[in-house]
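Participant: There's a structure below that I have some questions on.
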Amino acid sequence: AQKVTQAQTEISVVEKEDVTLDCVYETRDTTYYLFWYKQPPSGELVFLIRRNSFDEQNEISGRYSWNFQKSTSSFNFTITASQVVDSAVYFCALSEEEDGGSQGNLIFGKGTKLSVKP
Amino acid sequence: GAVVSQHPSRVICKSGTSVKIECRSLDFQATTMFWYRQFPKQSLMLMATSNEGSKATYEQGVEKDKFLINHASLTLSTLTVTSAHPEDSSFYICSATYSPTSTDTQYFGPGTRLTVL
């Protein structure tokens, strides 16, 4: 069964601190995709990253970085030098590839609410 | 690119009425659209998946007759909440992809907040 666990419900940091959001997933498939989405107070989900199961290279995009470790089934997200605008709920999600290559559904974690204080 | 819009952004209605929410892909053709529901401070729950020109596939526990989904074109899907009740009050979010045969990225609309009085 697929499952995504974001154990941290809420995190509060002070501006300029680094913060890591944890994501642990469960799947029996060898082909799957992992995502991170940001949901600011406005409600709109913003796509941040997609990573497939065959690519374990870590990725950096500006102040954002992602650490994908298949050995521990984790896909953690780090924000460096956090800013107030980073305050949002962050969702980790998993999607498996179904038989025939069709798209599997996104399974979301419960989200981590990040508050960055000035 | 990959912009998805939803209309309306907010709607308040009386119990017993029906409400239609539109989801449009603005700059791409969406072969698959998804409808999610999000309760306050909770994660997103997939309600149904719709492919253009065919019937939607509903998740277990979602009433087909209550949540009518129509995906009439490659750029438009609608969700109609029929005979709405206060417990239907929620944040409804749609998403769209443009690749039916691979696990592609879902792009989300801004959401519609429904309040049923």
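Participant: Among the listed residues A:1, A:88, A:81, A:93, identify the single one that is in contact with a Pro (Cβ under 8 Å, 6 or more places away or on another chain) and either more than 10 Å from chain B (Cβ to nearest Cβ) or surrounded by 13 or more Cβ atoms within 10 Å (Cβ to Cβ) (or both).
Facilitator: Of A:1, A:88, A:81, A:93, the one residue that is in contact with a Pro (Cβ under 8 Å, 6 or more places away or on another chain) and either more than 10 Å from chain B (Cβ to nearest Cβ) or surrounded by 13 or more Cβ atoms within 10 Å (Cβ to Cβ) (or both) is A:88.
Participant: Next question. Please indicate, with yes or no, whether at least one residue in segment B:64-84 is over 21 Å from residue A:109 (Cβ atoms), at pLDDT below 85 and more than 14 Å from every other protein chain (Cβ to nearest Cβ).
Facilitator: yes
Participant: Now, a different point. Anything in segment B:93-107 that is surrounded by 24 or more Cβ atoms within 10 Å (Cβ to Cβ), within 7 Å of chain A (Cβ to nearest Cβ) and modelled with pLDDT of 85 or more? List them, or say none.
Facilitator: Listed by number, the list holds a single entry, B:93.
Participant: Taking segment B:1-22, which residues are more than 26 Å from residue B:86 (Cα to Cα) and either in a strand (DSSP E or B) or among the basic types (Lys, Arg) (or both)?
Facilitator: Result: B:4, single match.
Participant: Going residue by residue through segment A:104-116, is there one that turns out to be out of contact with any strand residue (DSSP E or B) (no Cβ under 7 Å at 6 or more places or on another chain), within 12 Å of chain B (Cβ to nearest Cβ), without any contact (Cβ under 8 Å) to a residue 24 or more places away in the chain and polar (S, T, N, Q)? Give the derivation first.
Facilitator: Here is the first cut: in segment A:104-116, the residues out of contact with any strand residue (DSSP E or B) (no Cβ under 7 Å at 6 or more places or on another chain) are A:110.
Narrowing the set further to residues that are within 12 Å of chain B (Cβ to nearest Cβ) leaves A:110.
Next, from what is left, pick out any that are without any contact (Cβ under 8 Å) to a residue 24 or more places away in the chain: none.
No - not one qualifying residue is present in segment A:104-116.
The values are calculated or read from the model by the stated rules, or taken from the named source; none is laboratory data. What you are looking at is a predicted structure, and each value in this text was computed from that prediction instead of being measured. Every residue, glycine as well, gets a Cβ built from its backbone with ideal geometry; the counts of neighbours run over all protein chains shown.
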